[in-house]
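Here the structure is laid out as structure tokens; the discussion comes afterwards.
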Amino acid sequence: MNASTPRLRFAPSPTGFLHVGNLRTAVANYLFARRHGGQLMLRMDDTDVARSKPEYEAGIQEDLRWLGIHWDEYARQSDRMAQYEAAADRLKALGLLYPCFESEEELAAKRALRLKRKLPPVYDREMLRLTPEQRAAAEANGKTPYWRFKLSDGVVTWNDLVFGERRVKLPSVSDPVLIRADGTFLYTFTSVVDDLEFGVTHIIRGEDHVTNTGIQIDLMRALSGKPEKIGFAHLPLLTDAEGGKLSKRFDSLSVRSLRKDGLEPDAIIAYLARLGSADDMAPLTRDEVTATFDLGRMSHSAAVFDPRQLLGINRQMIHRLAFADVVSRLPQGATEDFWLSIRGNLDLLSEARVWWEIVAEEISPPEQPDDADFLRAAADALPAEPWDKNTAGIWTKALATATGRKGRGLYHPLRLALTGEESGPDMKDLLPLIGRDKAARRLLVSAG
Ligand code: GLU
């Protein structure tokens, strides 16, 4: 690694499983690192002790592994308390971290008053004027302070890799609380300490963090004493098809549920990589998606997460998969011929099992009393084996001549009897896989 190696991080809070919203952030960081020869850190932002759970931490790792998203380094914020203490001491020494004693109720009352006076509801920094005596008196009364960071005046600007120039006016933001009264640190702070110490070069995250970025850039400058060199990119939010906030449905859109539904990891990655991008959605391989990943092509407006479009990408991807890529996930005994015959009919790889049962096991097709004579005639007319891809054509042609049937009247009863399904792969491919014994039996069962 040299000084110019990009260093990225994906920093979920282990307070739940991964869902498409934070996975999209993970995918963007992963692909950016991969495209630019960089490194990716997975960092657990677990400062919220009450809500962070080991099972979520393990679950996030497992989901990322399943998706083939590898990380080069791993960190957990709860392991780094000493570093945060030291950084807080530095800010205190600079006079930039000040103790506060107002209660929630007092703050709410102040906000209401400011709003009434048509002033922005920003914290008024009353505690900055607290004298040592007043502080001592508050502490003597059993109060423990929480700590706010004194933001600079002025405007923070950065050149966002998605949005171009962005700005946050610091005077319209309240000084953020960095340390709670119980001594625990808030994400706003711990994230900055980590990003500086780990030498993170690019931060890609959701648009909901834009104000945070203004605050955190100011904090970075205070802590490091120099201008930050980090590149920021904010991804527009995701909505559902009705334009509603997707976050409400995140539970049903967890990576676990997509996995349970049988979606391909590569389809999920290809879909999320281009969601909201000017580049067309396509069933790209991991390498193709990496080589074309470009934050500059992202739209500035919210992107619609459409499960049907994801399924469409999944379908196209399955249709291209070679036998060698899927054999380990196919039913025992499945052949290449079987795979090539059915893959064009699958939305999900798991559906291969259904077709395997149809060609290799016993099924009970529905009775078709109206077509009983025709089906019996069809059973009689089955050619002798060996069968190949020409067999179905020879057989149905002979049946057409003998019965005068054609089109749907000819093919539909046969398909229903042989497969139990209304539609599916080409009969010329299926028939040799089913074989004469099973075909004859099914035609007679369906005849009743
Ligand atoms: N833990 C934060 C979150 O999940 C990380 C945000 C960031 O990337 O800085 O929102």
If we keep only residues of region 4-17 that are hydrophobic (A, V, I, L, M, F, W, C) and crowded, with 23+ Cβ neighbours inside 10 Å, then the residue farthest from the ligand (Cβ to nearest atom) is LEU8
When region 258-275 is checked residue by residue, the ones that are buried (at least 24 other Cβ atoms within 10 Å of the Cβ) and touching a Pro at 6+ places or on another chain (Cβ under 8 Å) are ALA270
Practice prompt. Would you check if ASP294 is open to solvent by less than 60 Å² (accessible area, probe 1.4 Å), away from the ligand (no atom under 14 Å from the Cβ) and charged (D, E, K, R)?
Written response: no
By residue number, the members of region 314-349 that are small (Gly, Ala, Ser) and open to solvent by 70 Å² or more (accessible area, probe 1.4 Å) are ALA324, SER328
Pairs returned, first residue in region 378-403 that is at pLDDT 95 or above, second residue that is of a type in the set (D, E, K, R), beta-carbon separation under 6 angstrom, 6 or more apart or interchain, are LEU382/ARG436; GLU385/ARG436; LYS389/LYS428; ALA392/LYS428; ALA400/LYS406
- Query: For LEU375, are the conditions met, namely being over 30 Å from ALA233 (Cα atoms), hydrophobic (A, V, I, L, M, F, W, C), out of contact with any strand residue (DSSP E or B) (no Cβ under 6 Å at 6 or more places or on another chain) and not in a helix (DSSP H, G or I)?
  - Reply: no
Mind checking whether some residue in region 182-197 is over 23 Å from TYR74 (Cα atoms) and either basic (Lys, Arg) or away from the ligand (no atom under 13 Å from the Cβ) (or both)? yes
Contact list, first residue from region 412-431 and without any contact (Cβ under 8 Å) to a residue 24 or more places away in the chain, second anywhere and outside any helix (DSSP H, G or I), beta-carbon distance below 9 Å, six or more apart or interchain, is HIS412/GLU422; ARG415/GLU421; ARG415/GLU422; ARG415/SER423; ARG415/GLY424
Checked pairs for region 225-242, first touching a residue at least 24 places away in the same chain (Cβ under 8 Å) and farther than 16 Å from ARG166 by Cβ, second open to solvent by 80 Å² or more (accessible area, probe 1.4 Å) and in a strand (DSSP E or B), C-beta under 9 Å and 6 or more apart or across chains, list as LEU238/LYS245; THR239/LYS245
Taking region 419-448 and keeping only residues that are outside any helix (DSSP H, G or I) and of a type outside the set (Ser, Thr, Tyr), one is left with GLY420, GLU421, GLU422, GLY424, PRO425, ASP426, GLY435, GLY448
Checked GLY21, GLY59 against criteria (within 20 Å of the chain's Cα centre (by Cα), at pLDDT below 95 and either charged (D, E, K, R) or open to solvent by less than 60 Å² (accessible area, probe 1.4 Å) (or both)); the one match is GLY21
Note: among ALA417, ALA398, just one is of a type in the set (A, V, I, L, M, F, W, C) and touching a helix residue (DSSP H, G or I) at 6+ places or on another chain (Cβ under 7 Å), namely ALA417
Note: among VAL49, VAL27, VAL20, just one is within 15 Å of the ligand (Cβ to nearest atom), aliphatic (A, V, I, L, M) and more than 30 Å from GLY296 (Cβ to Cβ), namely VAL49
Of the residues in region 276-290 that are over 21 Å from LEU64 (Cβ atoms) and more than 17 Å from the chain's Cα centre (by Cα), the one that is surrounded by the fewest Cβ atoms within 10 Å (Cβ to Cβ) is ASP280
Inside region 198-207, the number of residues satisfying the requirement of being away from the ligand (no atom under 12 Å from the Cβ) and either among the polar types (S, T, N, Q) or within 23 Å of the chain's Cα centre (by Cα) (or both) is 1
Among GLN77, GLN83, the single one that is more than 23 Å from PRO236 (Cβ to Cβ) and surrounded by 21 or more Cβ atoms within 10 Å (Cβ to Cβ) is GLN77
Residues of region 164-174 being open to solvent by less than 30 Å² (accessible area, probe 1.4 Å) and either touching a residue at least 60 places away in the same chain (Cβ under 8 Å) or hydrophobic (A, V, I, L, M, F, W, C) (or both), in sequence order, are VAL168, LEU170, VAL173
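The values are calculated or read from the model by the stated rules, or taken from the named source; none is laboratory data. Keep in mind that what you see is a predicted model, and the values were worked out from it rather than measured. Cβ: placed from backbone, ideal geometry, glycine included. Neighbour counts: every protein chain shown. Heavy atoms of the whole protein, side chains included, go into the accessibility calculation; ligands, DNA and RNA do not. Shrake-Rupley method; radii C 1.70, N 1.55, O 1.52, S 1.80 Å.
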